[in-house]
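Notes follow once the structure below has been shown.
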Amino acid sequence: MKRIIAVVFLIILILGLTACTGGSDSPAQSQQDESLFGGAVISPFNDPGFEATVREIIGKPEGYITVSDVFGITYLNVRNRSINDISGIEYFTSLQVLLCGNNQLTTLDVTNNIALKRLECIDNQLTALDLTNNPALTNLECQYNRLSALDVTNNTALRYLDCTMNGMTQHDVIGWDDIGLVLGDTFLVDAKDRSDYRFV
């Protein structure tokens with residue numbers, strides 16, 4: 001009987017200690033708890049405009065944004081949002097269409113968005129664009145940037161490419177003819193000195 005009373009007392013003591021400390025979780029602990037129930041927590045977005053747009057889409061005005069919140073998103077339109085940093089896009093692993101034109105992006109990392117089929121990043125300040133890990137890409141519109149070269153060798157599904165207004169010629173775009181694009185038809189590039197360059 002004494003042993004039973006001792007066990008009951010020990011349980012009550014443990015529960016009492018837990019109750020005393022339960023209301024003082026640190027932010028790290030809160031993040032860990034949400035991580036356990038809602039998926040891994042996405043690192044804070046660097047750009048408030050991008051974060052606000054994501055929150056609108058997922059219907060979550062506050063609280064942690066988790067990987068499970070964005071996992072099923074296949075279409076994302078963040079045009080004309082004055083965004084200068086789109087960090088966090090790497091968590092949108094189901095994304096098929098990304099429209100991020102008319103912002104102030106200087107970098108764009110879509111290497112983790114392997115399901116991407118259409119990318120429109122018109123009128124930004126991009127100086128480079130890595131598409132080596134986007135084999136499903138069929139449409140690319142990257143005009144009005146600062147690209148000096150572009151490699152589409154791995155984009156064998158690509159059927160339309162507009163990279164005008166970057167100052168590039170066909171010689172600055174690697175692999176366009178190997179994947180079946182047609183100059184002046186499905187492949188638009190800036191005019192220089194050659195009459196066979198198509199320009200807009």
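Run down Ile58, Ile65, Ile122, Ile86 and say which single residue is more than 11 Å from the chain's Cα centre (by Cα) and under 19 Å from Glu141 (Cβ atoms).
Ile122
Conditions: (1) loosely packed, with under 15 Cβ neighbours inside 10 Å; (2) of a type outside the set (Ser, Thr, Tyr); (3) at pLDDT 95 or above. Gly63 meets all but one. Number of the miss?
Exception for Gly63: condition (3).
Which condition breaks for Asn103 when tested against (1) modelled with pLDDT of 95 or more; (2) closer than 27 Å to Val41 by Cβ; (3) out of contact with any Ser or Thr (no Cβ under 8 Å at 6 or more places or on another chain)?
Status for Asn103: all satisfied but (3).
All but one of (1) at pLDDT below 95; (2) in contact with a strand residue (DSSP E or B) (Cβ under 9 Å, 6 or more places away or on another chain); (3) surrounded by fewer than 16 Cβ atoms within 10 Å (Cβ to Cβ); (4) under 30 Å from Ile122 (Cβ atoms) hold for Ala40; state the number of the condition that does not hold.
For Ala40, the failing item is (4).
Criterion first (surrounded by 15 or more Cβ atoms within 10 Å (Cβ to Cβ), modelled with pLDDT of 95 or more, in contact with a Gly (Cβ under 9 Å, 6 or more places away or on another chain) and over 19 Å from Ile86 (Cβ atoms)) does Val173 satisfy it?
Taking the combined requirement at face value, the residue does not satisfy it.
The values are calculated or read from the model by the stated rules, or taken from the named source; none is laboratory data. The model shown is predicted, which means the values in this text are computed figures rather than measured ones. So basically every Cβ, Gly included, is an ideal-geometry build from the backbone, and we count neighbours across all protein chains shown.
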